[in-house]
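Student: I am attaching a structure below and will ask some questions about it afterwards.
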Amino acid sequence: MLRFLAALAYPILTLPPYLEWSRRQAEGQIDKMQAAVFNSPGTEAPVPPAVVLAGLGLLAGYGLVTAWLGIRGWRRAVALVVGVAVGSLLFARRVE
């Protein structure tokens, strides 16, 4: 049970800072896109590659942590889904 709670804590603790950072990155990207509309054909990507890579890094980190803890199968998936839901709610509460 303690290993499951540790696996659950990973997304709860890492997701809100990631979402806050990625929100700032996306807002900056929107500003670049709006500026590019008048100066170029608007070739800026809507989501910066750093945000995508960081998200993939979080997923890879979760996989490594759960493998290290010995969590497998449906427990890994449940911890991820519940952790993402709780982490997203914490982020949403902080933004309000």
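Student: How do the pairs read when you match residues in the stretch 77-91 that are under 20 Å from E20 (Cβ atoms) with residues anywhere that are acidic (D, E) and part of a helix (DSSP H, G or I), using Cβ under 9 Å and keeping only pairs 6 or more apart or on different chains?
Tutor: Between residues of the stretch 77-91 that are under 20 Å from E20 (Cβ atoms) and residues that are acidic (D, E) and part of a helix (DSSP H, G or I), the close pairs are F91/E20.
Student: Still on this structure, please answer the following. Name the residues in the stretch 42-58 that are in a helix (DSSP H, G or I) and surrounded by 12 or more Cβ atoms within 10 Å (Cβ to Cβ), would you?
Tutor: Selection gives A50, V51, V52, A54, G55, G57, L58.
Student: Let me ask something else. What pairs can you find where one residue is in the stretch 16-31 and within 14 Å of A45 (Cβ to Cβ), the other is in a helix (DSSP H, G or I), and their Cβ atoms are less than 6 Å apart, with a gap of 6+ or different chains?
Tutor: S22/V51; Q25/V51
Just so you know, all these numbers are worked out from the coordinates, no wet-lab data involved. Predicted, not measured: the structure shown is a model, and the values here were computed from it. Virtual Cβ from ideal backbone geometry, glycine too; neighbours counted across all protein chains shown.
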